[in-house]
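Written below as structure tokens is the structure these notes are about.
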There are 2 protein chains.
Amino acid sequence: MRIPKHVGIIPDGNRRWAQDRGMTKDKGYECGIDPGLESYRICRDMGVEEITFYGFTTDNTKRPSYQKEAFTKACVDAAKILIEEGAALLVLGNTNSPMFPQELTPYTTRTKAKEGQIKANLLVNYGWHWDLMNLACSKNLNKNNIQENIQSCDVSRIDLIIRWGGRRRLSGFLPVQSVYSDFYIIENYWPDFKDTHIKEAFEWYHTQDVTLGG
Amino acid sequence: MRIPKHVGIIPDGNRRWAQDRGMTKDKGYECGIDPGLESYRICRDMGVEEITFYGFTTDNTKRPSYQKEAFTKACVDAAKILIEEGAALLVLGNTNSPMFPQELTPYTTRTKAKEGQIKANLLVNYGWHWDLMNLACSKNLNKNNIQENIQSCDVSRIDLIIRWGGRRRLSGFLPVQSVYSDFYIIENYWPDFKDTHIKEAFEWYHTQDVTLGG
């Protein structure tokens, strides 16, 4: 099977999942941590080299503070779990903001992978504008070095983006790394993650061609 | 019904359509012109304000020349038909290249709409890198004026992108205007366009929420 080198994960539907269970919206996020580790392990074991999780965005921080606290805590916990697992973790987002959790500052430089582990990127207080704005500072920009000059320059081109929760949109997820990505949508909410979701996405991806726009 | 203000059209599958009929790949493009006009009319009549067609890209120009000639001619013909219809046409792409058809130069400034007509953008020799590279020249770039500083600044944010031909990817289509777009995929190849395709896409779009990442 042709395995994507780099998989993007959009773990959507936490709030709808909580509401469906009669819980307040914030309660969904903590149930999204285990699926994060599980998806990392499945990807790693299938031969993926890099996985990027859409944590939270600068857009998301406009939500009520009880929700903000919940998704921020979930991201901090997820980072710790990925470090414990041994992933080469990079936390990426706008650190010049009170919304960026200080506990994650040490991981804004990529950690070293333990043996047999892969790269994991966690977008925290990420914004597509913040990412692209960096281009204004770049000298000698040309058509081949755009990715090297954005804030997310340490994140490679994404082959396959899997989104949970049924929405069919990027919601600002890494616009440059996504230009040629294949999108696969899972109807289930993220806390209802099953390992078969990743496998079905990979089986679908295997049937697609790779043209990079050519 | 909630109607998208701006619809993006990715008219893919022309070559596969031609091959399925035992024709050479180039023969598909001319059969994509009528669907272009038809989709413009349906969108206009349903209340859409702006429609953007993905003509061809700088990536596409690496294809064999008999194909290049065919898709270039189809774009020139499509532009003429849209002008005749009275659309406010803007042809957008890298004009500093022999790949840009000179006949379309007059339309690189938007034409005036005839009464009751809408904006139509046709991407011709467009490249996502070419579009973003412009940010390097921009002074005072901030998170609110990125779109005003890219090459495609006259193209507004896209609400709904409809892609024919079954692929689930952007293939470099307007990365900034697409950050919050909903994607709808039609399995049929573009020359097999039916008016029901647009209507089913709009019905689906109507069921989606609009959060702009929030």
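A short reminder: the numbers here are calculations on the coordinates, not readings from a lab. Keep in mind that this is a model prediction, so the values were computed, not measured. Note that we place each Cβ from the backbone using ideal geometry, even for glycine, and neighbour counts take in every protein chain shown.
Among the residues making up the range A:189-212, those that are in contact with a Phe, Trp or Tyr (Cβ under 6 Å, 6 or more places away or on another chain) and outside any helix (DSSP H, G or I) are A:TYR189, A:LEU212. Tell me, which residue of the range A:175-213 that is among the acidic types (Asp, Glu) and farther than 29 Å from A:PHE71 by Cβ is surrounded by the most Cβ atoms within 10 Å (Cβ to Cβ)? Ranking the candidates gives A:GLU203 first. Here is the figure for the range A:171-208: residues that are under 23 Å from B:VAL179 (Cβ atoms) and free of Cβ contacts under 8 Å to residues at least 24 places away in the same chain total 3. Taking the numbered list (1) part of a loop (DSSP other than H, G, I, E, B); (2) in contact (Cβ under 8 Å) with a residue 60 or more places away in the chain in turn, A:ILE162 passes all entries but (1). Inside the range B:129-147, residues that are over 22 Å from the mean Cα position of the chain (by Cα), part of a helix (DSSP H, G or I) and more than 7 Å from chain A (Cβ to nearest Cβ) make up a count of 1.
Residue-wise test of (1) aliphatic (A, V, I, L, M); (2) surrounded by fewer than 16 Cβ atoms within 10 Å (Cβ to Cβ).
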site	(1), (2)
B:MET1	yes, yes
B:TRP17	no, no
B:THR24	no, yes
B:GLU69	no, yes
B:CYS75	no, no
B:ALA79	yes, no
B:PRO98	no, yes
B:LEU104	yes, no
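Restricting the range A:154-186 to residues that are β-branched (Val, Ile, Thr) and facing chain B (nearest Cβ under 7 Å), which is farthest from A:THR196 (Cα to Cα)? Ranking the qualifying residues of the range A:154-186, first place goes to A:VAL176.
Going by what's in this entry, would A:TYR107 be described as within 12 Å of chain B (Cβ to nearest Cβ) and under 17 Å from the mean Cα position of the chain (by Cα)? It is false that A:TYR107 is within 12 Å of chain B (Cβ to nearest Cβ) and under 17 Å from the mean Cα position of the chain (by Cα). Among the conditions (1) buried (at least 19 other Cβ atoms within 10 Å of the Cβ); (2) under 16 Å from B:ALA120 (Cα atoms); (3) over 15 Å from the mean Cα position of the chain (by Cα), B:THR52 misses just one, which is (3).
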